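Enquirer: Questions regarding the structure given below will be posed in turn.
The values are calculated or read from the model by the stated rules, or taken from the named source; none is laboratory data. None of these values were measured; they are calculated from a predicted model. Counting neighbours? That spans all protein chains shown, and the Cβs are built from the backbone with ideal geometry, glycine included.
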């Protein structure tokens, strides 16, 4: 479905598709305006040989309007929510949701995100700032010293002017939104320990380099978002040092000081945690969030460890942090957030536009496609579990069912990032291509971590941050696959804005439909050879029972009654011919 972005008081038509095999006799839609249950009867909209479409109206009385369907079937009553069909009463947590909060920027759904870790992407040779005393210089082809004490202080010298010099590569790939990890001065190569938010790190080229990058990117139709920590600063931050030195000053209230001690992120003493109870802290952070889009041309932000911002013991201000950031940023700009687990409480529509879908996307794909399973996934003890395809579909459905569709469709989907090992090192080259097929054909805003598209590997979080091999070996076949999949996504609105329906899932194969009125695509991803799967009898479209599935990826065209390819590892995409 598409999100109608309704206004309060508006009546919205919703549709339900039921299999004729269920013997559905009547359908009601249940809402709860102002907390009171209300049922409205649906009417038959159209009937096909395999299914019946029902139409009902929902009035959006509250900013969040949950609804579900009650089906009277030949086998008794059934409830239908975003989690699926149930004969038992189910909680409201998985009701379908319409939200009347302002929508994400209209351009976001068309985005393919390209994540850049500035120190490791490209050197321009035009930055002359002296190296700070904490830094260890590295040659571009030096190995990452992962696991060693100085790993976070090793600087390779990438800068923002180097990014600007390689915009043609990003545009040629097909990405149109750059996500820069932090560009503020710090005492590490990752820069999540900012020493100030007042300026861009001179080691990256300073303020002028960021302005030049955003201007050059915008000329090519590429947007740029930054990365900010609202949970903590570095212990070298001017606010922290002032607050520590002056207990009577306002900055002292920016942190959780306890005598000489203070609260931190994850127990790391270089990352003191913000106390969002301070109105002055909230004002200053809001000013930072607003300033860089207004003065430097940023198109939004990704918020680091957003799941923890505003939370400490009995203090629970996380939702307020999200709403404040959204307000400061303003409309027309994108606000994404890091979140490692179930982000449903943070994605009701009035805060983050979306979160990084580690739990609902990356983890299940790693669990299905990983060959190297001894690797931990972002601190989770033990090895990567082994999933079948049916497990992938179930986990993704469980996470999607708890979100408004708008938020689900604007989650940042990813195979890896600067915070993980490289997916290619976990899954191997062939299965990396399968992961890319899932990345670019499932709902969400797909993200490529710079280097994935040319086969960069990395067996650990730090090792995954290897410099981009501009003068080294690159996997051209992988690049073409990424490029072709991004082009496919760009050319088909159903892949950017269409609904999702799982058609088949077993151990080694996933088949799903992405559809909008007038366009239906079917995707098959197989991790190994398998028993043939018949072409689904009921697809969205007037010609579903008689039309041809036309291959968009060089495979065979298919008709009803035939079987889908059983090769693997492989992926196929078809369009239903009307």
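Enquirer: Is the stretch 13-24 home to any residue that is touching a helix residue (DSSP H, G or I) at 6+ places or on another chain (Cβ under 8 Å) and surrounded by 17 or more Cβ atoms within 10 Å (Cβ to Cβ)? Reasoning before the result, please.
Expert: The first filter runs over the stretch 13-24 and keeps only residues touching a helix residue (DSSP H, G or I) at 6+ places or on another chain (Cβ under 8 Å), leaving none.
Checked against the condition, which is being touching a helix residue (DSSP H, G or I) at 6+ places or on another chain (Cβ under 8 Å) and surrounded by 17 or more Cβ atoms within 10 Å (Cβ to Cβ), the stretch 13-24 yields no hits at all.
Enquirer: Assigned to a strand (DSSP E or B), in contact (Cβ under 8 Å) with a residue 60 or more places away in the chain and closer than 24 Å to residue 397 by Cα - does that describe any residue in the stretch 59-80? Let's see the steps before the verdict.
Expert: Just the residues of the stretch 59-80 that are assigned to a strand (DSSP E or B), to begin with: 59, 64-73, 76-80.
Narrowing further to those that are in contact (Cβ under 8 Å) with a residue 60 or more places away in the chain: 64, 80.
Checking the rest, the ones that are also closer than 24 Å to residue 397 by Cα come to 64, 80.
Yes - at least one qualifying residue is present in the stretch 59-80.
Enquirer: Also, I was wondering about something else. Looking at residue 123 and the list (1) outside the structural domain of residue 183 (by TED's automatic domain parsing); (2) at pLDDT 95 or above; (3) over 24 Å from the mean Cα position of the chain (by Cα), which single condition is not satisfied?
Expert: Condition (1) is where residue 123 drops out.
Enquirer: Determine whether residue 253 is modelled with pLDDT of 95 or more and on the phi > 0 side of the Ramachandran plot.
Expert: no
Enquirer: Which residue, of 43, 48, is touching a strand residue (DSSP E or B) at 6+ places or on another chain (Cβ under 6 Å), assigned by TED's automatic domain parsing to the domain that holds residue 72 and either at pLDDT 95 or above or closer than 22 Å to residue 501 by Cα (or both)? First the steps, then the outcome.
Expert: Working: 48 fails: touching a strand residue (DSSP E or B) at 6+ places or on another chain (Cβ under 6 Å).
Of the residues listed, the single one that is touching a strand residue (DSSP E or B) at 6+ places or on another chain (Cβ under 6 Å), assigned by TED's automatic domain parsing to the domain that holds residue 72 and either at pLDDT 95 or above or closer than 22 Å to residue 501 by Cα (or both) is 43.
Enquirer: Among the candidates 427, 494, single out the residue that is over 19 Å from residue 365 (Cβ atoms) and buried (at least 19 other Cβ atoms within 10 Å of the Cβ).
Expert: That would be 494, the only listed residue that is over 19 Å from residue 365 (Cβ atoms) and buried (at least 19 other Cβ atoms within 10 Å of the Cβ).
Enquirer: If you don't mind, another one. Does residue 245 qualify as being loosely packed, with under 15 Cβ neighbours inside 10 Å and under 30 Å from residue 164 (Cα atoms)? Break it down into steps so the answer makes sense when it comes.
Expert: Details: loosely packed, with under 15 Cβ neighbours inside 10 Å: yes; under 30 Å from residue 164 (Cα atoms): no.
No: the conditions fail for residue 245.
Enquirer: Does residue 369 meet the test of being under 23 Å from residue 191 (Cβ atoms), buried (at least 17 other Cβ atoms within 10 Å of the Cβ) and at pLDDT 95 or above?
Expert: No, not satisfied.
Enquirer: Given the options 131, 98, 85, 80, name the one that is touching a helix residue (DSSP H, G or I) at 6+ places or on another chain (Cβ under 8 Å) and either farther than 30 Å from residue 187 by Cα or in the same structural domain as residue 348 (by TED's automatic domain parsing) (or both).
Expert: The unique qualifying residue is 131.
Enquirer: Also: With the stretch 326-422 as the region, which helices (runs of 4 or more DSSP H) entirely inside it contain at least 1 residues that are over 12 Å from the mean Cα position of the chain (by Cα) and either without any contact (Cβ under 8 Å) to a residue 24 or more places away in the chain or more than 23 Å from residue 66 (Cβ to Cβ) (or both)?
Expert: Counting at least 1 such residues, we get 363-369, 389-400.
Enquirer: Also, quick follow-up: What's the total number of residues in the stretch 233-283 that are within 34 Å of the chain's Cα centre (by Cα) and assigned to a strand (DSSP E or B)?
Expert: 11
Enquirer: May I pose another question? For residues that are without any contact (Cβ under 8 Å) to a residue 60 or more places away in the chain and surrounded by 13 or more Cβ atoms within 10 Å (Cβ to Cβ), scanning just the stretch 105-134, find the one that is farthest from residue 441 (Cα to Cα).
Expert: Top of the filtered list is 134.
Enquirer: Pull up the stretch 60-74, narrow it to residues that are in contact with a strand residue (DSSP E or B) (Cβ under 6 Å, 6 or more places away or on another chain) and over 15 Å from residue 10 (Cα atoms), then point me to the one that is surrounded by the fewest Cβ atoms within 10 Å (Cβ to Cβ).
Expert: So the residue we want is 72.
Enquirer: Might you let me know whether the stretch 511-522 holds any residue that is outside any strand (DSSP E or B) and modelled with pLDDT of 95 or more?
Expert: No - not one qualifying residue is present in the stretch 511-522.
Enquirer: Answer yes if at least one residue in the stretch 501-508 is surrounded by fewer than 20 Cβ atoms within 10 Å (Cβ to Cβ), in contact (Cβ under 8 Å) with a residue 24 or more places away in the chain and under 22 Å from the mean Cα position of the chain (by Cα), and no otherwise.
Expert: For the stretch 501-508, residues surrounded by fewer than 20 Cβ atoms within 10 Å (Cβ to Cβ), in contact (Cβ under 8 Å) with a residue 24 or more places away in the chain and under 22 Å from the mean Cα position of the chain (by Cα): present.
Enquirer: Something else: Could we say that residue 322 is touching a helix residue (DSSP H, G or I) at 6+ places or on another chain (Cβ under 9 Å), touching a residue at least 24 places away in the same chain (Cβ under 8 Å) and surrounded by fewer than 20 Cβ atoms within 10 Å (Cβ to Cβ) here? Steps first, answer last, please.
Expert: Working: touching a helix residue (DSSP H, G or I) at 6+ places or on another chain (Cβ under 9 Å): yes; touching a residue at least 24 places away in the same chain (Cβ under 8 Å): yes; surrounded by fewer than 20 Cβ atoms within 10 Å (Cβ to Cβ): no.
It is false that residue 322 is touching a helix residue (DSSP H, G or I) at 6+ places or on another chain (Cβ under 9 Å), touching a residue at least 24 places away in the same chain (Cβ under 8 Å) and surrounded by fewer than 20 Cβ atoms within 10 Å (Cβ to Cβ).
Enquirer: In the list 293, 279, 272, which residue meets the criterion of being touching a helix residue (DSSP H, G or I) at 6+ places or on another chain (Cβ under 6 Å) and at pLDDT 95 or above?
Expert: Working: 293 fails: touching a helix residue (DSSP H, G or I) at 6+ places or on another chain (Cβ under 6 Å); 279 fails: touching a helix residue (DSSP H, G or I) at 6+ places or on another chain (Cβ under 6 Å).
Being touching a helix residue (DSSP H, G or I) at 6+ places or on another chain (Cβ under 6 Å) and at pLDDT 95 or above holds for just one of 293, 279, 272, which is 272.
Enquirer: Within the stretch 40-58, take every residue that is touching a residue at least 40 places away in the same chain (Cβ under 8 Å) and surrounded by 12 or more Cβ atoms within 10 Å (Cβ to Cβ) and give me the one that is nearest to residue 560 (Cα to Cα).
Expert: Here the answer is 50.
A quick yes/no check of all residues on (1) out of contact with any strand residue (DSSP E or B) (no Cβ under 6 Å at 6 or more places or on another chain); (2) modelled with pLDDT under 95; (3) on the phi < 0 side of the Ramachandran plot:
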site: 340; (1), (2), (3): yes, yes, yes
site: 345; (1), (2), (3): yes, yes, yes
site: 362; (1), (2), (3): no, no, yes
site: 389; (1), (2), (3): no, no, yes
site: 398; (1), (2), (3): yes, no, yes
site: 430; (1), (2), (3): yes, no, yes
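Enquirer: Report whether or not residue 102 is touching a strand residue (DSSP E or B) at 6+ places or on another chain (Cβ under 8 Å) and closer than 30 Å to residue 496 by Cβ.
Expert: The answer is no for residue 102.
Enquirer: Something else now. For the subset of the stretch 455-482 comprising residues that are crowded, with 16+ Cβ neighbours inside 10 Å and part of a helix (DSSP H, G or I), which member is nearest to the chain's Cα centre (by Cα)?
Expert: 482
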